[in-house]
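For reference, the structure discussed in these notes is given below.
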Amino acid sequence: MVVLPIGYDARRVPSLLEAKRAWIERTTRKLRSAHVALNAGERGHVPERVRFAATNEEWTVQRRESVAARTTVREKVSGVLEIVGDTGETDKCREALRRWLVRSARSRLEPWVRELGTELGFRVGRVSVRSQRTRWASCSKKGDISLNTRLLFVQPELARHVLIHELCHTRQLNHSARFWSLLTRHDPDCARHRRELKEAWGQVPEWLIDGQVQGPPTVD
């Protein structure tokens with residue numbers, strides 16, 4: 001909705017909105033992210049289910065109290081994540097889930113990007129996986145790729161888009177016309193995927209965001 005002052009020429013609105021489009025989209029994303037993060041801090045809890053949209057996997061979360069020195073997560077073959085330890089402490093349970101997420105992401109994202117590299121003809125160097133706050137992924141000057149654990153929570157085509165984006169950077173470490181041409185060749189729908197990725201932050205569960213007020217990650 002656009003509110004206009006009395007006497008303002010409504011015919012000027014479309015051009016004004018177009019001129020301010022980037023600012024409107026950027027501000028809207030920041031406000032949405034802040035709202036999600038604020039609610040996350042207020043609702044802090046241990047999730048009952050965890051789902052990786054990128055790999056179509058889902059688990060039921062169960063807790064088992066024990067006198068173990070450290071709270072840990074065990075991934076059972078029956079589709080159950082069992083949190084073992086001081087399960088009455090929400091912060092310890094959530095931290096254990098985050099450590100499990102890093103291990104899970106490494107075992108899934110690294111093979112995925114290497115398989116894509118082989119399929120598309122890219123040479124893949126070192127691959128690291130960690131919980132980043134500002135980037136979905138990045139590529140170094142040496143061609144080393146770093147991936148965000150949170151990619152597991154976005155749709156498969158968006159995660160694949162990010163992986164291909166970084167593979168293209170192993171040849172074109174920039175965002176030049178040559179880079180976009182290479183990316184489009186391997187991901188014809190990259191423009192749509194890029195737009196949708198801006199909204200994908202909402203798919204990351206609140207127990208992982210944990211009250212962090214920030215904008216959605218970028219692809220570097």
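Results, tabulated for the structure shown:
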{"item": "The stretch 44-219 - Rg and Dmax from Cα coordinates, angstrom", "result": "17.5, 58"}
{"item": "FRET E, pair SER176, ASN56, Förster distance 25 Å, beta-carbon r, rounded to 0.05", "result": "0.10"}
{"item": "Value of relative contact order over the stretch 44-219, rounded to a whole percent, pairs C-alpha under 8 Å and six or more apart", "result": "20 percent"}
{"item": "Estimated FRET transfer efficiency when R0 is 22 angstrom, pair ARG21-ARG192 (beta carbons, to 0.05)", "result": "0.80"}
{"item": "Nearest-0.05 FRET efficiency for LYS142 and THR72, computed from C-beta distance (R0 35 Å)", "result": "0.55"}
{"item": "Positive-end residue, the stretch 112-167 charge dipole about Cα centroid, Cβ charges, pick of LEU151, VAL129, VAL162", "result": "VAL129"}
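Values in this text are rule-based calculations from the coordinates and carry no lab data. In this text the structure is predicted, and so the values were computed from the model without any measurement. All Cβ positions, even for glycine, are placed from backbone atoms using ideal geometry, and neighbour counts span all protein chains on display.
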